[in-house]
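Please read the structure below before turning to the comments.
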Amino acid sequence: MLAPSPRRLTYLGLIGVGVVLAGATALLVTKVVTAAVAVAAVLGAAVLGAVITLLSAIVRLDHRLARLAKRADRQAHDEQARAAAVGAALERLDAHVSRAREWVSRDVFAAYRQLEAVVDLRALIRPRAPMPPLRGWALSPDALRLIMHEVLARQPQLIVECGSGSSSVWLGYTTQQLGTGRIVSLEHDERYADLSRDLLQAHGLDDVVEVRHAPLVPWDGGTGPQPWYDLRAIQDLEKIGLVLVDGPPGTLGEAARYPALPLLLPKCADGALILLDDVIRTQESAVSDRWLAEHPELHRTVHEFEKGLHVFERATP
């Protein structure tokens, strides 16, 4: 059973006092009780009313305190929830900041490495026209620096590029500077082949770099036909000292660059280097592993450059 509210308790007390006063008055008028008894009854009613009023006030205070306690509990719960939400948000923000710091540090370090490589590359040549950009579709500066170092050290008489472009210009300057050797660049896109020729002519390198348009045609190495450069473009090539495999585009298939080794290795000189770019990609990495498995006589060196570079060396017998 619910307890009466403070207001109802007050009303009941006042009604009780009024009934006692009315009864005492009636009894006094009719002389049923003496004046002393009537006065005592009135005083008792007054005391009772005061007690009831006090109890009513106490009950009202209890109710108010209960409401305040509930409100305080709700506010404390809300504050805890808000504090927990803020804490979780701060933890997520801290994790994001940590990852962003790692990304920025990694990107800044990578950019510094590439800038350092470009400085080294520019110190090796004296360009006669604006140099084509590196990175993106082209070789990364760190990989090109290694390749140019090998060219300067080994002085290959014939360099074959699978794919033409920026690397053709840089290697062309290196070869021209050595005063010996030549470069043959295979290009499947005729329009791009013309652009590469124009670029080489602008740098005065068309006497050392030959861009050959070699459309992609089906080649079957025993596992089914796949597109590769027209073999007529490599028929006259012999004693290749360095092969740079940076084409055809990997979008043509997972093993688009695989034919380069079985087709060009027989045409390589002893001690030749075969370099495979973009090994950071899964398909080129798989091609590299397949080359090594099928040709255990080759030694592979892995370079953790921006886009990955694997160097295969044909050992001198």
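The values are calculated or read from the model by the stated rules, or taken from the named source; none is laboratory data. All values reported here derive from a predicted model rather than from experimental measurement. Glycine also receives a Cβ, built like all others from the backbone with ideal geometry; neighbour counts cover every protein chain displayed. Accessible surface areas use protein heavy atoms only, side chains included; no ligands, DNA or RNA. Shrake-Rupley method; radii C 1.70, N 1.55, O 1.52, S 1.80 Å.
Can you confirm whether Pro259 is open to solvent by less than 10 Å² (accessible area, probe 1.4 Å), over 15 Å from Glu313 (Cα atoms) and not polar (S, T, N, Q)?
Here the answer is yes, as Pro259 does meet what is asked.
Scan the range 100-110 residue by residue and report those that are open to solvent by 50 Å² or more (accessible area, probe 1.4 Å) and either at pLDDT 70 or above or closer than 24 Å to Ser166 by Cα (or both).
Asp107, Val108, Phe109
Give the range 131-180 a look and list any residue that's open to solvent by 50 Å² or more (accessible area, probe 1.4 Å) and under 17 Å from Glu306 (Cβ atoms), or say none.
Hits for the range 131-180 are Pro133, Arg135, Gly136, Trp137, Arg145, His149.
Do you know which residues across the range 181-223 are open to solvent by less than 60 Å² (accessible area, probe 1.4 Å) and touching a Leu at 6+ places or on another chain (Cβ under 8 Å)?
Gly181, Ile183, Val184, His188, Val209, Val211, Arg212, Ala214, Leu216, Val217, Trp219
So that you can scan it fast, the table gives a plain yes or no per residue for (1) in a loop (DSSP other than H, G, I, E, B); (2) surrounded by 15 or more Cβ atoms within 10 Å (Cβ to Cβ); (3) within 31 Å of the chain's Cα centre (by Cα):
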{"position": "Ile280", "(1), (2), (3)": "yes, no, yes"}
{"position": "Asp289", "(1), (2), (3)": "no, no, yes"}
{"position": "Arg300", "(1), (2), (3)": "no, yes, yes"}
{"position": "Glu306", "(1), (2), (3)": "yes, yes, yes"}
{"position": "Phe312", "(1), (2), (3)": "no, yes, no"}
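When the range 112-144 is examined, which residues are found to be without any contact (Cβ under 8 Å) to a residue 12 or more places away in the chain and on the phi > 0 side of the Ramachandran plot?
The answer is Gly136, and nothing else.
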